[in-house]
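The values are calculated or read from the model by the stated rules, or taken from the named source; none is laboratory data. Predicted model, so just to flag it, every value in this text is computed and none were measured. Reconstructed Cβ throughout: ideal geometry from the backbone, glycine too, with neighbour counts over all protein chains shown. Accessible surface is based on the protein model in full, side chains and every heavy atom, while ligands, DNA and RNA are left aside. Shrake-Rupley method; radii C 1.70, N 1.55, O 1.52, S 1.80 Å.
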Amino acid sequence: MDIIFSFALLGLFHLTDAMNCTFGMIVPSGNLTWCSCYDGFFCSKLDVPLDYQHPDLGRASVPLVKYPAQSNSTYGPFQGMILLNPGGPGASGVNEALGYASTIQAVVGTNWDIVGFDPRGMYLSEPVINCSATAAAQNATLDSRSVPRMADVYYNLFIEFGKALGEACEITAGGLTDAGPHMSTATTARDMLSIVDAFAASAQGHAASKPSHLLNYYGISYGTFLGQTFASMFPDRVGNVVLDGVVSPEGYLTNWTYNSVNHLDGVIAAFFIYCHEAGPSDCAYYTGSSPRDMYERFNQSFVQLDAQKAEAENWSNATDIEAALLVLKVGLLTTADTPFSYFRLLPDVLLALEKAISAHNISAWTEQAMTIYGDPMLQGYENPQWTLGVLCSDQDNRWYNKSLQDLKPLLEAIDDQSIVGDIWIKSMLACTGWTIKATEIFSGPFGGDTATPILFVGNTYDPVTPFDNALSSAPNYNNALVLTIDGMGHTTMATQNMCGFAKIGAYFQTGALPGNDSFCPLETGPFGILLNGTLQQNIMQAGLSNLVH
């Protein structure tokens with residue numbers, strides 16, 4: 001799923017050499033042997049079965065990085081270990097720990113070890129899937145609500161790319177002793193259990209004040225699907241588990257696009273509200289006398305990027321229009337994902353787009369915008385084999401060999417969810433070429449009587465994992481509770497909501513759920529603005545309810 005938004009991936013160069021402190025030696029099966037590796041971090045690798053159903057098939061190793069608890073923490077005695085998963089699928093837990101462990105520890109308490117690990121088949125795990133397809137060098141002609149949509153050539157490009165990549169990966173990584181068949185979420189859940197078992201057997205595990213045989217876990221985005229998979233497979237091994245930015249298990253396994261972006265446009269609407277409240281001195285896109293005036297100004301630019309019409313009528317600048325539409329949609333998705341960072345950038349981007357349209361020089365704007373939002377085409381699609389190795393396998397290859405026509409119902413559904421929904425299907429398109437089948441998948445039922453109640457967390461305007469998913473998933477787990485944060489962006493980290501952080505921290509310290517106090521009101525947002533009322537109330541009052549589901 002390309003939900004790799006909340007945590008930017010750090011370069012692996014920090015770690016590769018340092019990990020040799022453990023990667024260069026044989027670690028006995030089931031043991032964790034840590035060594036100092038990088039700037040206060042400790043590294044290890046865990047030897048595990050390549051295939052848990054057939055342990056004689058071979059071995060695999062799971063790389064781990066630990067940010068240790070403070071020896072004299074003001075929070076009290078050493079609690080134990082919290083595992084992380086940053087989402088994706090296809091994101092590195094090792095890199096997440098390197099970049100954000102200290103921030104996460106500040107939320108949950110300095111008496112916890114924070115441990116990141118790389119899921120099967122990717123980054124520093126062994127074996128790793130390493131295959132690629134030669135993408136067309138061309139800048140492809142890119143081709144409900146009446147808003148500009150991508151042209152079919154955009155989707156077909158990723159379908160053809162997926163077929164080429166799938167063929168290459170089948171050859172290089174599809175054998176039973178290769179990484180490909182062992183990248184499913186179920187296998188990674190078993191790896192998590194192995195990590196917990198190894199920790200429980202260690203001296204640190206014996207010193208922990210929390211039961212060391214239970215998994216303590218903070219999973220975001222796709223990591224919430226991994227967390228629900230673990231909790232459903234091993235309910236008696238669940239410790240303090242926070243699932244933040246919840247993915248619908250049923251939706252993920254069915255088509256991935258289900259119930260994902262239906263609150264995305266609410267964040268776009270909020271931009272106009274915050275910009276209006278900030279005024280022209282802080283928001284250069286300030287227009288007229290209301291947020292609605294700003295939205296109308298935006299829409300005047302947006303509707304001119306009609307990629308489908310440009311392609312159908314063979315406009316001379318069709319390629320430029322199609323490329324600009326894609327970059328704008330990616331920019332809006334990125335902005336909705338991390339509004340605190342990108343709301344301040346969007347005014348200048350939109351002003352530049354106006355000037356580019358007026359000057360009939362859209363290609364220059366596209367190149368400039370790509371320096372902010374990245375390359376949305378194949379050239380910018382990093383390590384797709386890791387995302388597909390998990391996503392397509394978990395779905396039991398149900399989309400293999402499908403055509404764009406087969407996917408049209410999905411496109412129509414996400415078109416109705418968001419004005420930028422049509423680009424959300426990208427990873428699904430490449431699954432049409434993925435042939436490698438997983439040796440084990442878990443498809444439910446999801447739920448159980450867990451040893452410890454789970455805390456689900458959702459933002460009222462999370463653009464890609466709506467809080468509706470938390471509300472529908474929590475009842476499946478005994479005594480689980482939903483913490484709702486009135487805010488926007490993907491996961492609690494994006495909202496910067498101090499109430500949410502405090503409740504998550506209290507849960508990890510005491511195990512107590514928020515109970516009746518399970519709602520965090522809207523706090524100060526972008527531009528330093530604190531709105532009165534809820535975010536939904538502000539959107540409705542601004543006359544932007546057409547952007548809200």
ASN476, sole failed condition from (1) under 18 Å from LEU226 (Cβ atoms); (2) open to solvent by less than 20 Å² (accessible area, probe 1.4 Å); (3) not aromatic (Phe, Trp, Tyr) = (2)
Of GLY251, GLY219, GLY239, which residue is assigned to a strand (DSSP E or B), open to solvent by less than 20 Å² (accessible area, probe 1.4 Å) and closer than 20 Å to SER184 by Cα?
-> GLY219
Does any residue of segment 343-350 turn out to be assigned to a helix (DSSP H, G or I), of a type in the set (Asp, Glu) and either out of contact with any Lys or Arg (no Cβ under 7 Å at 6 or more places or on another chain) or crowded, with 20+ Cβ neighbours inside 10 Å (or both)?
-> yes
State whether the residues of segment 282-300 include one that is surrounded by 15 or more Cβ atoms within 10 Å (Cβ to Cβ) and under 21 Å from LEU378 (Cβ atoms).
-> no
Taking segment 511-549 as the region of interest, how many residues are in contact with a Pro (Cβ under 6 Å, 6 or more places away or on another chain) and either part of a helix (DSSP H, G or I) or surrounded by fewer than 15 Cβ atoms within 10 Å (Cβ to Cβ) (or both)?
-> 1
How many residues does segment 124-162 hold that are under 22 Å from LEU411 (Cβ atoms), surrounded by fewer than 16 Cβ atoms within 10 Å (Cβ to Cβ), of a type in the set (S, T, N, Q) and at pLDDT below 55?
-> 1
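Residue-wise test of (1) at pLDDT 95 or above; (2) among the charged types (D, E, K, R).
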position: ASP415; (1), (2): no, yes
position: GLY421; (1), (2): no, no
position: ILE425; (1), (2): no, no
position: ALA430; (1), (2): no, no
position: THR450; (1), (2): yes, no
position: THR465; (1), (2): yes, no
Go through segment 298-317 and give me each residue that's assigned to a helix (DSSP H, G or I) and under 16 Å from ALA356 (Cβ atoms).
-> PHE298, GLN300, SER301, PHE302, ALA307, ALA310
Pull up segment 163-182, narrow it to residues that are of a type outside the set (Gly, Ala, Ser) and over 22 Å from LYS402 (Cα atoms), then point me to the one that is most open to solvent (accessible area, probe 1.4 Å).
-> LEU176
Quick one: would you say PRO453 is part of a loop (DSSP other than H, G, I, E, B) and closer than 19 Å to GLU250 by Cα?
-> no
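Per-residue answers, yes or no, for (1) at pLDDT 95 or above; (2) closer than 22 Å to LYS45 by Cβ:
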| position | (1), (2) |
| --- | --- |
| ASN216 | yes, yes |
| GLY245 | yes, no |
| GLU250 | no, no |
| THR257 | no, no |
May I ask you to say which residue of THR439, THR432 is open to solvent by less than 30 Å² (accessible area, probe 1.4 Å), closer than 24 Å to THR188 by Cα and either touching a Lys or Arg at 6+ places or on another chain (Cβ under 9 Å) or assigned to a loop (DSSP other than H, G, I, E, B) (or both)?
-> THR432
Taking the stated definitions as given, is LEU410 open to solvent by 10 Å² or more (accessible area, probe 1.4 Å), touching a Phe, Trp or Tyr at 6+ places or on another chain (Cβ under 9 Å), among the aliphatic types (A, V, I, L, M) and closer than 15 Å to VAL261 by Cβ?
-> yes
Considering residues that are assigned to a helix (DSSP H, G or I) and open to solvent by 50 Å² or more (accessible area, probe 1.4 Å), the number found within segment 376-407 is 3
With respect to PRO445, determine if the residue is within 19 Å of the chain's Cα centre (by Cα), assigned to a loop (DSSP other than H, G, I, E, B) and not β-branched (Val, Ile, Thr).
-> no
Which is over 20 Å from GLY175 (Cα atoms) and among the aliphatic types (A, V, I, L, M), of LEU407, LEU391?
-> LEU407
Going through segment 254-281 in order, the residues found to be crowded, with 24+ Cβ neighbours inside 10 Å, charged (D, E, K, R) and over 21 Å from ASP415 (Cβ atoms) are none
